[in-house]
1. If you go through the range 79-102 one residue at a time, how many are closer than 17 Å to residue 50 by Cβ and either surrounded by 15 or more Cβ atoms within 10 Å (Cβ to Cβ) or touching a residue at least 40 places away in the same chain (Cβ under 8 Å) (or both)?
2. Out of all the residues in the range 87-122, which are under 11 Å from the mean Cα position of the chain (by Cα) and closer than 20 Å to residue 44 by Cα?
3. Which pairs turn up if I take residues in the range 35-46 that are assigned by TED's automatic domain parsing to the domain that holds residue 88 and look for partners that are in a loop (DSSP other than H, G, I, E, B) and surrounded by 16 or more Cβ atoms within 10 Å (Cβ to Cβ) with beta carbon separation below 7 Å, at least 6 apart in sequence or on another chain?
4. I need the full set of residues from the range 112-131 which are under 27 Å from residue 66 (Cα atoms) and without any contact (Cβ under 8 Å) to a residue 24 or more places away in the chain, in order please.
């Protein structure tokens, strides 16, 4: 019997193989990504399914759990499948919308709102003006008008 050359790491004797014949098997665990079915289930979560799971905002962690996988796998899927990258973008957009709306309406605590929105590019800036009670700014008097008086 002739032995076949196999370039895969995961090799085993298969039940369909002839006695002693090596059969190639894919390396690693099979992906749970099922194309349109995965996209549809993710869209269901993003479009309100997170509320049915008693989640206040949609999140990557919540989506991963909903799909029965991990956050790391979601990001791997986004790298491998452009359509899933669009799904993660939609998730982040919905999260931003829900948190912004909840923060403005007082539904969410300001601190939590600020933390989540910082992850979406919002910043918390405060402008401080320093002036003395006599109208000077930083020790210099500012006057407007003609100096000839």
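The values are calculated or read from the model by the stated rules, or taken from the named source; none is laboratory data. Only a predicted model underlies this, so the values are computations on that prediction, with no experimental measurement involved. Neighbour counts run over all protein chains shown; Cβ positions are idealised from the backbone, glycine included.
1. Adding up the residues that qualify gives 12.
2. Those that are under 11 Å from the mean Cα position of the chain (by Cα) and closer than 20 Å to residue 44 by Cα: 87, 88, 89, 90, 91, 92, 93, 94, 95, 96.
3. Every condition considered, the pairs that remain are 45/58; 46/58.
4. 112, 113, 114, 115, 117, 118, 119, 121
Condition check ((1) modelled with pLDDT of 95 or more; (2) more than 29 Å from residue 101 (Cβ to Cβ); (3) in a helix (DSSP H, G or I)) across all residues:
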position	(1), (2), (3)
12	no, yes, no
47	yes, no, yes
54	no, no, no
65	yes, no, yes
73	yes, yes, yes
